[in-house]
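Contents: one structure, followed by commentary.
The values are calculated or read from the model by the stated rules, or taken from the named source; none is laboratory data. Here the structure is a predicted model, which is why all the values come from computation and not from measurement. Note that each Cβ is placed from the backbone with ideal geometry, even for glycine, and that neighbours are counted across all protein chains shown. Note: areas computed on protein heavy atoms with side chains; ligands, DNA, RNA excluded. Shrake-Rupley method; radii C 1.70, N 1.55, O 1.52, S 1.80 Å.
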Amino acid sequence: MKKTLYYSDRVKLEKTFLGLIWLISGILGFFDGIISLVMQAASLIACIYTLLRISTAKMEDADEMAEQNMNRAKALASDYMQIVYCCLAIAAILFLRNFELSIGLNEMIPNITFIAMGINQLIVGFAFRKFEEG
Amino acid sequence: MPTLKTRMYEFRKAMNLQQTELAELVGVRRETIGKLENGKYNPSLKLAMDIAKVFGTTVEEVFSFEKDEV
């Protein structure tokens, strides 16, 4: 008999754990070398394993309180991410306007996307937990 | 803001129901029943009516709002 995966555990895996993996993968992407590559591969395996576990498990359905808490958590994450983006934009305008930067956007964008996704998912995961604990 | 007062615990004990059993009867998680009993979650009208139905009473008997003293 399949063990039921409780909704709060699902959120922990889907948001907190995977968020951490996205974040680590994004940070590791800035480093060259075999160790970084091995760690990125390990992150990918952990990510696939988690997604498989979630998709094959018997899951508890979300009820109205869980849905409300998830919506609140997503709204909070969205607000925090907007603040972070605003701060980054202001910092770029104030401090980087006198510099001519030469960065490889093709390498930067995927890593930054992973980091932003990771941070967003982590905030959702932690906020949901906080709301559930009341 | 008015505070939610609930007599759910009282009714549940009178019916000798566990939180898990009540949760199954009304189709929510056990955590939600716990939060409702502690007055930390305002239920939807549907959930409030489902709970009252299980207890064989009215919504007003189970849930009420108490105005905060200023």
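Of note:
- Residue in the range B:7-31 that is farthest from residue A:62 (Cα to Cα), counting only those that are away from chain A (no Cβ under 14 Å) and among the polar types (S, T, N, Q): B:16
- Matching entry among A:122, A:94 (being under 20 Å from residue A:26 (Cα atoms), assigned to a helix (DSSP H, G or I) and either without any contact (Cβ under 8 Å) to a residue 60 or more places away in the chain or aliphatic (A, V, I, L, M) (or both)): A:122
- The condition of being within 28 Å of residue A:130 (Cβ to Cβ), within 14 Å of chain B (Cβ to nearest Cβ) and surrounded by 12 or more Cβ atoms within 10 Å (Cβ to Cβ) holds for only one of A:13, A:18, A:23, A:5, that being A:5.
- Hits in the range B:32-56 (condition: within 14 Å of another protein chain (Cβ to nearest Cβ), assigned to a helix (DSSP H, G or I) and touching a Ser or Thr at 6+ places or on another chain (Cβ under 7 Å)): B:36, B:37
- Residue in the range A:16-35 that is at pLDDT 90 or above, touching a helix residue (DSSP H, G or I) at 6+ places or on another chain (Cβ under 9 Å) and under 25 Å from residue B:34 (Cα atoms) present: yes
- Flag for residue B:60 being open to solvent by 90 Å² or more (accessible area, probe 1.4 Å) and assigned to a helix (DSSP H, G or I): yes
- Residue satisfying condition, being among the β-branched types (Val, Ile, Thr) and either free of Cβ contacts under 8 Å to residues at least 60 places away in the same chain or crowded, with 16+ Cβ neighbours inside 10 Å (or both), within set A:45, A:112: A:45
- Residues of the range A:97-109 classified as assigned to a loop (DSSP other than H, G, I, E, B) and either open to solvent by less than 80 Å² (accessible area, probe 1.4 Å) or closer than 11 Å to residue A:26 by Cβ (or both), total: 1
- Test result for residue A:34, without any contact (Cβ under 8 Å) to a residue 12 or more places away in the chain, under 18 Å from the mean Cα position of the chain (by Cα) and open to solvent by 100 Å² or more (accessible area, probe 1.4 Å): no
- Leading residue by the ranking (surrounded by the most Cβ atoms within 10 Å (Cβ to Cβ)) among those in the range B:6-44 that are out of contact with any Gly (no Cβ under 8 Å at 6 or more places or on another chain) and of a type in the set (Val, Ile, Thr): B:33
- Within the range A:115-134, restricting attention to residues that are more than 12 Å from the chain's Cα centre (by Cα) and open to solvent by 100 Å² or more (accessible area, probe 1.4 Å), the residue that is farthest from residue A:20 (Cα to Cα) is A:133.
- Some residue of the range A:75-91 being of a type outside the set (Val, Ile, Thr), crowded, with 16+ Cβ neighbours inside 10 Å and part of a helix (DSSP H, G or I): yes
- Among the residues listed as A:67, A:60, the single one being modelled with pLDDT of 95 or more and among the acidic types (Asp, Glu): A:67
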